[in-house]
1. At a threshold of 8 angstrom on Cα-Cα distance, excluding pairs fewer than six apart, so keeping six or more, what relative contact order does region 59-184 reach in percent?
2. Between ILE107, ILE77, ILE129, which gets the highest mean-square fluctuation from a Gaussian network model of the chain, Cα cutoff 10 Å?
3. Direction-averaged shadow area of the convex hull around the Cα atoms of region 37-184, nm²?
4. Please provide three numbers in whole Å: the alpha-carbon extents of region 78-119 along the principal axes, with the largest listed first.
5. Tell me, what is a quarter of the convex hull surface for the C-alpha atoms of region 86-145, in nm² with one decimal?
6. Once the dipole of the chain is set up with Lys and Arg at +1 and Asp and Glu at -1 on Cβ about the Cα centre, which of PHE20, CYS161, GLY74 lies farthest towards its positive end?
7. Can you classify region 7-90 as rounded, prolate or oblate using the Cα gyration tensor, where a ≥ b ≥ c are the square roots of its eigenvalues, rounded means a/c under 1.5, and otherwise it's prolate if a/b beats b/c and oblate if not?
8. Please pull out the direction-averaged projected area of region 99-183, using the convex hull of its alpha-carbon atoms, in nm² to one decimal place.
Amino acid sequence: LSLHDALPISIIYSLMILIFCRRSPAWFFRGIRETIVTAFATRSSAGTLPVTLENVRENFGVSEGISSFVVPLGATINMDGTVLYLGVCALFVAQAFNVLVTPQMLITIAISSTLASIGAAGVPGAGLIMLTTVLSSVGLPVEGVGLVAGIDVILGGLRSCLNVVGDAAVCAVVASSEGEQLKN
């Protein structure tokens, strides 16, 4: 996961806030800055759950009913940062081992990355373990995990940030769509 990957997704979340909540993306990111810092430090969407819930309730005015449903659901299944990480790492390993990636392999990488990210535990380092599953699914050497293990701490923080931003954005959009008045 790099800035190149995270930027388009951050733009999509910003547009969601702008269009569906009729609020500035700056309002949104100010409201969840504590969540973002906590996610980066803990490298865990699940570990950030209490901070995310507090931020969407206190800073956005989202009700307890909506936030306590949407945010934990997002922490469980919204792993877009992990999906991107697994896919990019699999392609990096293929390139490092000089393996030609076929269209079938790309499809398998996309599907296995998505399934692995949903099944990943909400603990730091789980993405690295899931990478072995993705590499195995397309016959790439599992030893390739060692190529990214050294920087996985930083990448894990970035993945978690991306995931919790998505959780909070969807929570705000759902609250707005349910007629809740979001705080200014």
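1. Once normalised by length, the contact order is 43 percent.
2. Judging by the Gaussian network model, the answer is ILE107.
3. One quarter of the hull surface, i.e. the mean projection, equals 9.0 nm².
4. Principal extents (largest minus smallest coordinate, Cα): 31, 18, 12 Å.
5. 3.5
6. So the residue furthest toward the plus end is PHE20.
7. oblate
8. 7.5
Coordinate-derived values only; no laboratory data. Computed from a predicted model, the values in this text were never measured in an experiment. Cβ: placed from backbone, ideal geometry, glycine included. Neighbour counts: every protein chain shown.
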